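Structure first, then comments.
What follows is calculated from the coordinates using simple rules that are stated; it is not laboratory data. Remember, it's a predicted structure, so these values are computed and weren't measured experimentally. Cβ coordinates were reconstructed from backbone atoms using ideal geometry, including for glycine residues, and neighbour counts include every protein chain displayed.
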Amino acid sequence: MTLAKDELNQSLPDTLRQPSEIERYRPGLLMSFLPAIYAGDDFMRRFLFIFEDTLKPLLRQVDSLHYYFNPLFTPPEMLDWLAGWVSLVMDESWPLEKRRKLVHAAVDLYGRRGTKAGLTEYIQLYTGVEPHITEYVDGMTLGSETQLGINTMIAGRETFSFTVTLNLSNIEQAEMSRIEAKVRQIIEAEKPAHTAYRLVIISKAAASPSAKAAEEVSKS
């Protein structure tokens, strides 16, 4: 099969292909940097196109350079480098997307370190669930948030203490243990040094495959 002249031309590499009518008269980027006397020089314009085609990949990379400094878009191999900018040591066991969000929020979290709001956001970044944090206060306080055994005790309590409650569901027991260990690491690192805490995880275990099959049979 013989290719038509236009089809053959389009199949050639850019360096060998004849320019189309539109391309033949398009202004060149490098021409804009030359003195005005060269503005009408067609040979110079076409000659500079050789270098423009060579520089295109580099120019595209420069145009998107800001994405390399954004933790949400940077290549995975650069994420640890960006984390070093904010003195953050990454835990490689965290999923990539959660590590991206952590680096992105690191500066803001530093400013709120040791506060209820900062700890809430940090735990939510990892678990995807907003924790409920309550602090013990002196005296007997009853209110809409009062929960016996969680933030209210009949007798005795630890001074300067708080409770972190997480409501998780449909998570396997092995995964739940891993999440609990990581959440405790976060609390230990972020809480004020003089405080004590209690972690309460309210969970509904994921149904086993056999249980799910039995449920589907019962519905049929």
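Under a 5 Å amide H to amide H cut-off, with H placed in plane at 1.01 Å, what residues pair with Ile201 once short-range neighbours are removed?
Here Leu166 satisfy the definition.
Show me, for region 102-108, the HN-Hα J-couplings you get by feeding each phi into the Karplus relation (A = 6.51, B = -1.76, C = 1.60, θ = phi - 60°), rounded to Hz, glycine and proline as x.
After applying 6.51 cos²θ - 1.76 cosθ + 1.60, I find 5, 5, 4, 9, 4, 4, 5 Hz.
Each residue of region 82-87 in turn: what ³J(HN,Hα) in whole Hz from Karplus with 6.51, -1.76, 1.60 and θ = phi - 60°, glycine and Pro shown as x?
With coefficients 6.51, -1.76 and 1.60, one gets 5, 4, x, 4, 10, 6 Hz.
Restricting to DSSP loop positions (anything but H, G, I, E, B) with no more than 16 other Cβ atoms inside 10 Å of their own Cβ, which chymotrypsin sites (Phe, Trp or Tyr not before Pro) remain in region 25-57? Working shown, then result.
On the way: sites: Tyr25, Phe33, Tyr38, Phe43, Phe47, Phe49, Phe51; in loops: Tyr25.
Passing sites in region 25-57 are Tyr25.
How large is Rg/Rh for region 158-198, to two decimals, with Cα atoms and a Kirkwood Rh? Could the numbers behind the result be given before it?
Numbers: Rg = 12.0 Å, Rh = 11.5 Å.
When Rh is taken as the Kirkwood radius, the ratio is 1.05.
Under the Karplus relation 6.51 cos²θ - 1.76 cosθ + 1.60, θ = phi - 60°, what is the ordered set of whole-Hz ³J(HN,Hα) values for region 37-46, x standing for Gly and Pro?
Per-residue couplings from phi come out as 5, 8, 4, x, 7, 5, 4, 4, 4, 5 Hz.
When a/c is below 1.5 the answer is rounded, else prolate if a/b is larger than b/c, else oblate, so apply that to region 42-126 with a ≥ b ≥ c taken from the square roots of the Cα gyration tensor eigenvalues.
prolate
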